[in-house]
Amino acid sequence: MFPQKQLHEAMLYNQLPEKKVRCNLCARLCTIPDGKTGFCLVRKNEGGKLYALTYGKACSMAVDPITKKPLAHFHPGSTVLSIATGGCNFRCEFCDNWMISQEQGVVGTEMPPQDVVRKTHDNNCQGISYTYTEPTIFFEYAYDTATLAKKVGFFNTFVTNGYMTTDAVKTIAPVLDAATVDFKGGADPEFYKKFSAVPSVEPIFEALKAMKRHDIHVEITNLVAPKTGDSLDRIRDLAIWIRDHMGKDTPFHLLRFHPEYKLTELASTPIETLEKAHNISREVGLHYVYIGNVPGHPYENTYCPNCHELVIKRFSFEIAKWNLTKQMRCPKCGYDIAIKGSFEPTGFSHPYAII
């Protein structure tokens, strides 16, 4: 008979009377009775201690171009090992990865942190991305993996809904280099309540401000869902908030919605709507605004904010043309383009799965 694998104790929680615990990781701050799990379904109270049930259990792993995250201004051209476990603290009715994010049981392949780092090396990646599901929910696994990765020279990125506590941001900050924070519906609170079962959007803004304080490179996306989450006034307000709190150089990606999971009655977002949203975001002062999920659109590209020279041409996940100096300046006017990290001309554009 094989011994049962020991559970991995969670980080960031408090013990309460009657063997209850309060999880301080995500903004739900779940109070969990003995024997129960939190809203995410994968953090369980056993005898007054909180355990991360998915620690070391990778349910998805692939090699991706960093542009897929999307990160347009962080180590452009590089490749990352993308990794996820099951569970999520949202219930998005339009989730692309609902097969793993909404999984009721704990599934996955045993993959301890040292093996993730080894696979990153073996696949010639420059970093690791904790993605596909919500990395906040597999925080301990991500933290331990990221710590090992940093020691051998890899960078680490989160693709996150941002619904984490500022304590979580402070804890992960020493080993987290970049984050893509995904908004939905222009950060409309009613959209979040109706389609994602999220009671408040304010914790996302607080987490973003904490990321900026801790010098984490941040890029922000917003899923523009037709009819239900495409208010141009909301998008304008979000762009203004980004400008005022994160800075004009913060990349802002406007993503086209496609019908998925439970929200299939809507059509894909009209490109005209995305273009209007782009123009509004530029008008309020953001320097780098992109349209995503529309391969070949001119607004996939990076233009110099000063002279409007095309400096990075993209097609979907691929960098088709690189037109910056070694100092990341516009070759025409010398303007400093806000790129963090070096250009990695790998030529890689198509992701492939490992597990």
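The values are calculated or read from the model by the stated rules, or taken from the named source; none is laboratory data. Since we're looking at a predicted model, the values are computed, not measured. Note that each Cβ is placed from the backbone with ideal geometry, even for glycine, and that neighbours are counted across all protein chains shown. For the accessible areas, the whole protein counts, side chains as well, though only heavy atoms, and no ligand, DNA or RNA atoms are used. Shrake-Rupley method; radii C 1.70, N 1.55, O 1.52, S 1.80 Å.
Results, tabulated for the structure shown:
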quantity	calculated
Single match in LEU232, LEU254, LEU274, LEU223 (criterion: more than 30 Å from LYS321 (Cβ to Cβ) and touching a residue at least 12 places away in the same chain (Cβ under 8 Å))	LEU232
Qualifying position, being open to solvent by less than 60 Å² (accessible area, probe 1.4 Å), assigned to a helix (DSSP H, G or I) and not hydroxyl-bearing (Ser, Thr, Tyr), among LEU255, LEU274	LEU274
Selection from region 228-252 of residues that are charged (D, E, K, R), more than 30 Å from LYS340 (Cα to Cα) and either open to solvent by less than 60 Å² (accessible area, probe 1.4 Å) or in contact with a Phe, Trp or Tyr (Cβ under 7 Å, 6 or more places away or on another chain) (or both)	ASP230
Filter pass, LYS212 being closer than 21 Å to SER342 by Cα, of a type in the set (Lys, Arg) and surrounded by fewer than 23 Cβ atoms within 10 Å (Cβ to Cβ)	yes
Out of PRO76, PRO65, sole residue that is touching a Pro at 6+ places or on another chain (Cβ under 8 Å), at pLDDT 95 or above and closer than 22 Å to VAL218 by Cβ	PRO65
Answer residue from region 79-133, given it is modelled with pLDDT under 90 and among the charged types (D, E, K, R) and is farthest from PHE317 (Cα to Cα) among those	GLU103
Given (1) among the aromatic types (Phe, Trp, Tyr); (2) open to solvent by less than 30 Å² (accessible area, probe 1.4 Å); (3) at pLDDT 95 or above, index of the condition TYR143 fails	(2)
Among (1) modelled with pLDDT of 95 or more; (2) closer than 30 Å to PRO345 by Cα; (3) not in a strand (DSSP E or B), the one test that THR136 misses	(2)
Candidate set from region 336-355 (those that are small (Gly, Ala, Ser) and at pLDDT 75 or above); member that is farthest from PHE74 (Cα to Cα)	ALA353
